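K.L.:
To start, I am sharing the structure in question, which I have written as structure tokens.
The values are calculated or read from the model by the stated rules, or taken from the named source; none is laboratory data. None of the values given here were measured: they were computed from a predicted structure. Ideal geometry is used to build each Cβ from the backbone, glycine not excepted, and the neighbour counts take in all protein chains shown. These accessible areas exclude ligands, DNA and RNA; they are computed on the full protein's heavy atoms, side chains included. Shrake-Rupley method; radii C 1.70, N 1.55, O 1.52, S 1.80 Å.
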Amino acid sequence: FDYGSGENSDPAWLSRFAWDGYWDTIYIANSVIDALKTSTAPAEAISIADGEARFIRGMCYFYMVRMYGGLPIMTDGVIPTGDETRATVLDTYKFIEQDFIQAASSLPNPANAINTRPTNAAANTALASLYLTWGGWPVKDASKYALAATTSKKVIDLGYFKLLDIGELWKIENQNSL
């Protein structure tokens with residue numbers, strides 16, 4: 001390969017390895033979602049685990065759709081073979097939206113969650129980001145901007161987060177900006 005000029009190089013290896021981790025994570029999230037259907041765990045634990053798996057799967061798809069465009073929608077515990085049909089960007093956004101909406105309704109508020117675990121605030125923040133992206137290129141659905149504002153307001157209205165003065169931001173006692 002001639003990496004200096006790009007001639008005779010095959011960049012496919014880069015994208016193949018770049019998204020392998022996302023597909024592995026999606027596979028695991030799908031396996032968790034499938035396994036929860038027959039779980040005998042308490043309903044609240046199942047709901048939270050399902051929300052976490054959907055949040056993680058949604059985030060993987062959200063990162064990849066912005067890099068690669070429309071993606072195969074994998075909803076089962078099958079490892080992609082590369083022969084799957086790609087969905088459109090719009091259909092990929094719709095799939096991600098459903099994951100984030102379901103995650104937001106299943107996950108606890110930040111005040112009731114274990115630090116470092118996804119919360120309904122994280123899911124709604126991701127959903128708002130999806131709506132902002134959806135409003136821009138390539139779909140250009142400007143109606144999504146209002147949904148981004150409404151969804152962001154849900155997070156703000158939790159009253160859990162606050163903006164710190166820049167002079168206070170990096171102090172140890174303000175760990176995690178809480």
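K.L.:
Within segment 22-69, take every residue that is under 18 Å from Asp83 (Cα atoms) and open to solvent by 40 Å² or more (accessible area, probe 1.4 Å) and give me the one that is nearest to the chain's Cα centre (by Cα).
P.N.:
If we take residues in segment 22-69 being under 18 Å from Asp83 (Cα atoms) and open to solvent by 40 Å² or more (accessible area, probe 1.4 Å), then Tyr22 is nearest to the chain's Cα centre (by Cα).
K.L.:
Among Ala113, Ala104, which is open to solvent by less than 40 Å² (accessible area, probe 1.4 Å), under 26 Å from Ile156 (Cβ atoms), modelled with pLDDT under 95 and small (Gly, Ala, Ser)? Explain how you work it out, then say what you get.
P.N.:
On the way: Ala104 fails: modelled with pLDDT under 95.
Just a single option satisfies the conditions, and that option is Ala113.
K.L.:
What's the total number of residues in segment 94-139 that are assigned to a helix (DSSP H, G or I), aromatic (Phe, Trp, Tyr) and farther than 26 Å from Lys162 by Cβ?
P.N.:
Looking only at that region, the number is 2.
K.L.:
Okay, next question. Being in contact with a helix residue (DSSP H, G or I) (Cβ under 7 Å, 6 or more places away or on another chain), over 17 Å from Phe62 (Cα atoms) and open to solvent by less than 20 Å² (accessible area, probe 1.4 Å) is the requirement here; does Leu158 meet it?
P.N.:
no
K.L.:
List every residue pair whose Cβ atoms lie under 6 Å apart, where the two residues are 6 or more positions apart in sequence or sit on different chains, the first residue falls within segment 115-135 and is of a type in the set (Gly, Ala, Ser), and the second residue, located anywhere, is crowded, with 23+ Cβ neighbours inside 10 Å and assigned to a helix (DSSP H, G or I).
P.N.:
Ala123/Phe55; Ala123/Phe100; Ala123/Ala103; Ala123/Ala104; Ala126/Phe100; Ala128/Thr151
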